[in-house]
Amino acid sequence: MTWKPFITTLLKLIQLYESLYTIAKNKSEVIKNGDLDALNQIMKSEQTHITAITALENERLNWTKNLAGYETATLLDCIQLASGSEKEKLTEIHEELSELLQKLKAQNELNQQLIHQSLQFVNFSLNMLLPQPDNVTYGPQQKKNQSTSYNHTSVFNSRV
């Protein structure tokens with residue numbers, strides 16, 4: 001079995017995930033600064049990375065399927081099949097990918113929280129600046145003046 005192309009694919013994945021992690025950290029700063037143009041550029045860059053990662057993930061899935069011999073094979077399954085230096089290298093790659101994906105997940109959760117807080121601030125600011133409309137309901141009207149009395153009988157409840 002030849003493991004070199006599979007290992008090369010995994011190393012490319014690591015590079016792309018590291019680059020995506022760097023972008024995610026930069027995104028945090030851009031969100032904090034409120035720079036929408038920079039945020040737009042970062043999101044385009046993220047999309048490019050995600051497209052490349054998806055292609056490499058498909059390639060990785062094909063390799064794991066071919067190397068292990070069944071459809072649902074994972075990197076751990078391939079590690080068990082490997083021996084010697086390939087097994088060590090695959091184990092290192094697995095650990096590095098796992099750690100990197102955990103960091104990326106945490107950074108993305110932080111970015112999501114920052115965006116949520118930014119939206120809350122924008123909504124709060126808009127509510128403070130814009131006058132609030134009167135509460136329009138279809139229920140009984142509140143008495144504004146004690147001397148004024150309203151008949152609350154509906155037309156639909158009266159007899160003809």
Would you list Asp77, Asp35 from the most to the least accessible area, probe 1.4 Å?
Asp35, Asp77
Rounded to the nearest whole Å², what accessible area per residue is found for the stretch 1-123 with the 1.4 Å probe?
64 Å²
Could you order peptides 64-73, 112-121 by the average number of other Cβ atoms within 10 Å of their residues, highest first?
64-73, 112-121
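Which pairs in the list Lys25/Lys87; Lys32/Lys89; Lys44/Lys65; Lys12/Lys103; Lys12/Lys65 are over 27 Å apart, alpha-carbon to alpha-carbon? Write down the numbers at each step before the final one.
Numbers: Lys25/Lys87 32 Å; Lys32/Lys89 39 Å; Lys44/Lys65 32 Å; Lys12/Lys103 18 Å; Lys12/Lys65 19 Å.
In this structure, Lys25/Lys87; Lys32/Lys89; Lys44/Lys65 exceed 27 Å between Cα atoms.
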Straight-line reach from Lys27: which aspartates and glutamates have a Cα under 19 Å away, not including same-chain ones fewer than 8 places off?
Glu18, Asp35, Asp37, Glu46, Glu109
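The values are calculated or read from the model by the stated rules, or taken from the named source; none is laboratory data. None of these values were measured; they are calculated from a predicted model. Ideal geometry is used to build each Cβ from the backbone, glycine not excepted, and the neighbour counts take in all protein chains shown. Side chains included, ligands, DNA and RNA excluded: accessible areas come from the protein's heavy atoms. Shrake-Rupley method; radii C 1.70, N 1.55, O 1.52, S 1.80 Å.
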